Amino acid sequence: MVTKSRSKLVPWLAWGLLSYLIALGLLTASDVLKNQEYLQKDYYFRSPAFYEQLQQHFNLFRNVHVVYNHWEDKTDAEKIGQARMEQWTRHFETMKNIEVEQRKAEVQEQILQLQGQVANEVQKAKEKREQAANSAEEAGAEQAKAQSQTQNLPDAAEQAEIARIRKEIALLQDTEANILPNAERQKNERIEKEIKNYLDFHNKQYAAVKHSLSARSGSFEYYVNDLETREKYSNKSGYPGQGDMQEAFYAIRLPQTTLEGGALQSINRSFQQYRLEGIFLFPKEPRGFSQMIADHAYFNTLRERLIYELYLLGAVVAAIAALIFYLRRNRFGIEVVQQNYTAIIRGIPLELRLLLFYVLTMFALSYGSSAALFRLPVGPSHFAQWTLLALLIGCLGLLLGDAVQLLRNPQALREQWNAGLYRKLQGYVQAKLIDRLILTKAILIFVMTVLFGVFLFDVIDHSSFHYFNNRLSFSEGYVLFYTFVVIPYLFRRILTFSRILTSAEAIASGRFDHTIVEKGRGNLARLAHLLNNIKQSIKTSVERETKSERLKSELITNVSHDLKTPLTSIMNYVDLLKRKDLTSETVASYVEVLDRKTQRLKVLIDDLFEASKMASGSVELAVEHVNVADLLQQALAEFSDKIEASTLTFRVRVDNPKVTAPLDGRKTWRVFENLISNALKYALPHTRVHLALTEEADKVVFTINNIAAYELNFDVDEIFERFKRGDTSRNTEGSGLGLAIAKSIVELQGGQLRIDIDGDYFKVRVEFAREAKAAAS
């Protein structure tokens, strides 16, 4: 058993190892392909990282010696430049003029408003005086004098208001006169602020780039001449020779006629533009930190890692080839794997398998190209990435293996295709198609309904008592009603009728397992219900007839077989008794044999008739509450002589000596008799037979267990067949009907009899209901 388990486990281990190796190979190949340029010797000097460092050093040199050349020696005016100063002056002068014009316009508008108020006040005073004069003429001289004094009282307030307004006008006129000087002063302040900000920024910028260039003096040397000014820029004394350049980590003389690399071309053009020539040199042993040296060392480390990965890839390919050779040579290994996964994979529709294969392939390629298996530090995530990709590859391998099998077996491929989603969808669509006559009627109803709607709308449209809005409202309502009520109703009826017709044809062809779906209400639903009842009645009749014919055939076959042996013996011994030279002892022995064979025939015939009654259901039961424990004890007492004569040991356990159940006592005693007799006939000698009578919630349970004397190489259900014996040689006594009769008796009383076989261990379990109920149909 252990060897067999190991033989089944080895192919799976080999398959898992193969998946891990393929995953490792893919991860290795992906990493090598992604970083293949690092395998080139001295690739660093052609890499973007090198060009970036070179450009950065050149930018520092250019900023210090070209952009900010002699920055510390320049005056503020020289640092700013005349052109920039003129630009700022023009810009802020324009701003000043715009602000002056806007401010003057605002002041002028305010002065005009105040002058209008003065004019209004003067007009009001004039109107008051005219009104006072008119009143004086009417009232007389004395009254006019008093009234005139009274009217002149508000003149002082009016004069004060006018004086206040004129004072505000004077202030605004002073403000207007100061607008231009104030704007000029503000312009100068803005220019001074711009100058300060510019100088602060560029002074800091110059200090930063100068410090950065100075900090790189131990790892970056330059010797540059300005061809226009004849100035020399260098951070080292002397001028490097050809030997110094060859011994340096990197050195380049600029400008040159042709150069490769975008950064080098850009630097070369800058040298030509600024009229410079010289050497950039990076020593092999710098003083202090050098980013170039660090990057170069990192690139060399990557190259060494990739070389080791190539060795690993070769070893993995060799291991994969060896495993594939092993699996192909040991075909049993592949068959073990296929037997376990084929049933699972074939349960997935073919189209879904193709889609799954595509998705898994894309995911595996994407995941494999993005996984970082060779990055440090190594941790659990590396193994998790490897394992996930191995699982993906294992699944893809199983799917691919199944596809190869299908391609080699066209019949299996055709079966899988027919069981796929496309065929199911096609069958569903075809099932929904209706009979031509029904379709014609449906189209006719549809056309008539549409024409009726058009005709009705046309009648309303040409009537003399409608308006356009009413006609439009009716049209929309009619379309909505027809679309959402009439059409769904017609299609529901048509599909229901088509479904009933298809199901009726299936029933007519003998497919009684087909049930018509009963949906909704109405005549069609009633028709479906009636057809289902008819189908069930026909099915029941056919099953009953089939069962009857089968029982007749079994009866004839088994009776002829089991009755032949005793009849033959009786005939032979009768012929022997006809001899005249027999002694009395011989005759007595022959008669004893005849008696035994006759009793055997009687038992067979009695069991046969009882089994026939049980099968036909024509048995009347005298059900009453009986003590099941007493029935069991009576059956054991009946077999006490045979039990003592046998080599078997009976172990009986009764939990409750007074347990009762509604049973037919005589028939139930027959059940115990048959089961005990069966144990005595077929139990292995010198073993124990265990009998137990227990109680459960709603039933009484009797079990009898023994070790069989014969090999139990048949199905459990076969043991209940009539004339079936555990002794296939049929040398033991018995009719082969005992268990079948016992099962029928138990089921007629609403109980169950179940047999379990565990190797040679034979177990019978009988369940009696505590409450009387009908037998299962």
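Using a 1.4 angstrom probe, figure out how much accessible area segment 159-237 has per residue, in square angstrom, rounded to the nearest whole. Before the final figure, lay out the partial values.
Details: 5030 Å² over 79 residues.
Result: 64 Å² per residue.
For the peptides 403-411, 662-670, the ranking by mean Cβ contacts within 10 Å, running from highest to lowest, is 662-670, 403-411. Along segment 14-28 the Karplus relation, 6.51 cos²θ - 1.76 cosθ + 1.60 evaluated at θ = phi - 60°, assigns HN-Hα couplings of 5, 5, x, 4, 4, 5, 5, 5, 5, 4, 5, x, 5, 4, 5 Hz to successive residues, with x for each Gly and Pro.
Using the Cβ-Cβ distance between LEU490 and THR546 with R0 set to 35 Å, the FRET efficiency from 1/(1 + (r/R0)^6) comes to roughly 0.25.
Taking label points 7 Å from Cα along the Cα-to-Cβ direction, PHE45 and ARG666 give a separation of 11.7 nm.
Sort segment 224-279 into rounded, prolate or oblate with this rule: let a ≥ b ≥ c be the square roots of the eigenvalues of the Cα gyration tensor; rounded if a/c is under 1.5, and if a/c is not under 1.5, prolate when a/b is larger than b/c, oblate otherwise. Because a/c hits 1.5 or more and a/b fails to exceed b/c, segment 224-279 counts as oblate.
Per-residue Karplus couplings for segment 283-297, computed as 6.51 cos²θ - 1.76 cosθ + 1.60 with θ equal to phi - 60°, are listed in order as x, 6, 10, x, 8, x, 7, 10, 5, 4, 4, 5, 5, 5, 5 Hz, Gly and Pro entered as x. Sequence-ordered 3J(HN,Hα) estimates for segment 573-580 from the Karplus curve with 6.51, -1.76 and 1.60 and θ = phi - 60° stand at 6, 5, 4, 5, 5, 6, 6, 9 Hz, glycine and proline given as x. Among the listed pairs LYS564/LYS681; LYS564/LYS602; LYS564/LYS667; LYS79/LYS193; LYS96/LYS193, those with a Cα-Cα distance over 19 Å are LYS564/LYS681; LYS564/LYS667.
The values are calculated or read from the model by the stated rules, or taken from the named source; none is laboratory data. Worth saying up front: this structure is predicted, and the values here are computed from it rather than measured. Cβ: placed from backbone, ideal geometry, glycine included. Neighbour counts: every protein chain shown. These accessible areas exclude ligands, DNA and RNA; they are computed on the full protein's heavy atoms, side chains included. Shrake-Rupley method; radii C 1.70, N 1.55, O 1.52, S 1.80 Å.
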